[in-house]
Amino acid sequence: MYKYIFGEKKPLAQNPKPWRINLLLEISHSAWQEISTTIEEKFGLLCKDAEYLALKDLLDNFILLVLDIYAVFFRSGDFNTYFESCFRVWTVFFRFDRKNYTKAPLMFLSDILYWESINHPILEAIKAQLPKFSDSTVEIFHSFLRRSTQKHTEAQQIINYGRYLNQLRLDGNGFRENFAHTSTWAAYEYSARDISHLTKKCACFLLQCFLEIYVRVFHSKTPLTFSQSLSDSSSKKKGKKKYEESISLTAMKMPDAQLCHLPLGFNTSCKPDPFRYCDSSNCLVFFSNNPDPIRILACGHTYHESSYRNSGLKCLYCLASLQDGVNRHVQSLLERLKKSKKKKTKKQENNISCDDDDEYGSVNYRTFALEEAIWHFRMQ
């Protein structure tokens, strides 16, 4: 997407600056808002192709979660939405099997639920003053301290410089002089017109991706399916590193994708079946013309309304998978807390390309390109 929008000669660094990441997320979200209705009308409400659902899940859920969980929910003090978002974040880490990231959200959720069970007064304080319970000040201070010291800096020098940084917070001019100009979160130097053009170019790119999926599913009649070995790989065994066959998501430019890149339902023992209208094992309805309406969930599973109500308005496959994940990671956390602390080994530094420039570049957009792309998509 980055090369499509900014040109083939401008590669995206492996460690992009925060403002550049935020720009890509914002224009992706805005582009999806412009074309989502067109896409959903074209594919219909019951398309269960894995790649289509994965791309839609990314645009509908992941990007919004990243943009809103801190900047909107936390900073506005919306505790209930923030609490729910923390669990959604954990499900993402669970899918991608991120070793340490799966522990921290569970600890936070466990604390909140425990305080709620004993009616502890701290919970009301957190709900009333959520934005104040932030470690951003400590994180920023630590970032400044690390950036201003070297590997060979002695302990006393680090202590003295830390005191100097702490003193600067009492001097507004000194703080701005030392830190404000180095911020990587500076306002975009793109005009409102440039942002609009970037959004439209992103929308054109997304239309191309969805068009490729549509042609494969509805013209070539080849929905994405999984081999038996790949289907069985979702059952994780403790202590054994699992091997996964790769999945080719060609429209998303991911030739070696894994199950974790797909919606949650594809990471369970019962994956969404593209050839069934209802994934419930107890469903007795086999005809598409049955009057019972069908509901498709974000996880990828579909249910007749009657089957969904019989399941307690829950996806039992995903619920079982999440419950198992919570139990395993809580047990893993408890075992790690009991172990003696091991001496850390120095990690080998990899040569990862960093984003060292703040170059914005010009925005090239051909007038009516988005309108033409939408027309071409609808004509397929």
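The values are calculated or read from the model by the stated rules, or taken from the named source; none is laboratory data. A quick note: this is a predicted structure, and the numbers were derived from the prediction, not measured. Cβ: placed from backbone, ideal geometry, glycine included. Neighbour counts: every protein chain shown.
On the given criteria, is Arg88 buried (at least 18 other Cβ atoms within 10 Å of the Cβ), at pLDDT below 95 and either among the charged types (D, E, K, R) or more than 30 Å from Leu113 (Cα to Cα) (or both)?
Values: buried (at least 18 other Cβ atoms within 10 Å of the Cβ): no; at pLDDT below 95: yes; either among the charged types (D, E, K, R) or more than 30 Å from Leu113 (Cα to Cα) (or both): yes.
No.
Scanning for something touching a residue at least 40 places away in the same chain (Cβ under 8 Å) and in contact with a Lys or Arg (Cβ under 8 Å, 6 or more places away or on another chain), does the range 305-321 turn up at least one residue? Before you say what the answer is, go through the steps one by one.
Narrowing the range 305-321 to residues touching a residue at least 40 places away in the same chain (Cβ under 8 Å): 315, 317-318, 320-321.
Applying the additional criterion that residues be in contact with a Lys or Arg (Cβ under 8 Å, 6 or more places away or on another chain) yields none.
No: zero hits.
Just checking, which of Ile39, Ile63 is under 24 Å from Thr250 (Cβ atoms), part of a helix (DSSP H, G or I) and touching a Phe, Trp or Tyr at 6+ places or on another chain (Cβ under 6 Å)? I'd like the intermediate steps shown before the answer.
Numbers: Ile63 fails: touching a Phe, Trp or Tyr at 6+ places or on another chain (Cβ under 6 Å).
Answer to the selection: Ile39.
So that you can scan it fast, the table gives a plain yes or no per residue for (1) without any contact (Cβ under 8 Å) to a residue 40 or more places away in the chain; (2) under 19 Å from Ala54 (Cβ atoms):
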| residue | (1), (2) |
| --- | --- |
| Ala251 | no, yes |
| Ile296 | no, yes |
| Tyr303 | yes, no |
| Gln323 | yes, no |
| Val330 | no, no |
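Before we move on, is Glu51 buried (at least 19 other Cβ atoms within 10 Å of the Cβ), in contact with a helix residue (DSSP H, G or I) (Cβ under 8 Å, 6 or more places away or on another chain) and modelled with pLDDT of 90 or more? Before you say what the answer is, go through the steps one by one.
Working: buried (at least 19 other Cβ atoms within 10 Å of the Cβ): yes; in contact with a helix residue (DSSP H, G or I) (Cβ under 8 Å, 6 or more places away or on another chain): yes; modelled with pLDDT of 90 or more: yes.
Spelling it out, Glu51 is indeed buried (at least 19 other Cβ atoms within 10 Å of the Cβ), in contact with a helix residue (DSSP H, G or I) (Cβ under 8 Å, 6 or more places away or on another chain) and modelled with pLDDT of 90 or more.
Looking for whichever is crowded, with 20+ Cβ neighbours inside 10 Å, aliphatic (A, V, I, L, M) and either under 25 Å from Met1 (Cβ atoms) or not assigned by TED's automatic domain parsing to the domain that holds Val217 (or both) here; the options are Leu297, Leu284, Leu313, Leu262. Which one fits? Break it down into steps so the answer makes sense when it comes.
Details: Leu297 fails: crowded, with 20+ Cβ neighbours inside 10 Å; Leu284 fails: crowded, with 20+ Cβ neighbours inside 10 Å; Leu313 fails: crowded, with 20+ Cβ neighbours inside 10 Å.
The conditions single out Leu262.
Those residues that are part of a helix (DSSP H, G or I) and surrounded by 11 or more Cβ atoms within 10 Å (Cβ to Cβ), I need them from the range 147-158; list them, please. Outline the logic, then answer.
Here is the first cut: in the range 147-158, the residues part of a helix (DSSP H, G or I) are 147, 155-158.
Matches in the range 147-158: Gln157, Ile158.
Among the residues of the range 114-123, what is the count of those that are surrounded by 12 or more Cβ atoms within 10 Å (Cβ to Cβ) and either part of a helix (DSSP H, G or I) or aromatic (Phe, Trp, Tyr) (or both)? Don't jump to the end; show me each part of the working.
Pass one, the range 114-123, residues surrounded by 12 or more Cβ atoms within 10 Å (Cβ to Cβ): 115, 120, 123.
So of that shortlist, the ones also either part of a helix (DSSP H, G or I) or aromatic (Phe, Trp, Tyr) (or both) come out as 115, 123.
So the count comes out to 2.
In the range 219-233, is there at least one residue being touching a Cys at 6+ places or on another chain (Cβ under 9 Å), outside the structural domain of Met1 (by TED's automatic domain parsing) and at pLDDT below 90?
No, that holds for no residue.
Taking the range 94-104, which residues are surrounded by 20 or more Cβ atoms within 10 Å (Cβ to Cβ) and either among the hydrophobic types (A, V, I, L, M, F, W, C) or part of a helix (DSSP H, G or I) (or both)?
Phe94, Arg95
Looking only at the range 307-326, count how many residues are out of contact with any helix residue (DSSP H, G or I) (no Cβ under 8 Å at 6 or more places or on another chain) and within 11 Å of Lys103 (Cα to Cα).
Count: 0.
Is it the case that the range 110-123 has a residue that's of a type in the set (A, V, I, L, M, F, W, C), modelled with pLDDT under 80 and either in contact with an Asp or Glu (Cβ under 8 Å, 6 or more places away or on another chain) or not assigned by TED's automatic domain parsing to the domain that holds Val89 (or both)?
No, because not a single residue in the range 110-123 is of a type in the set (A, V, I, L, M, F, W, C), modelled with pLDDT under 80 and either in contact with an Asp or Glu (Cβ under 8 Å, 6 or more places away or on another chain) or not assigned by TED's automatic domain parsing to the domain that holds Val89 (or both).
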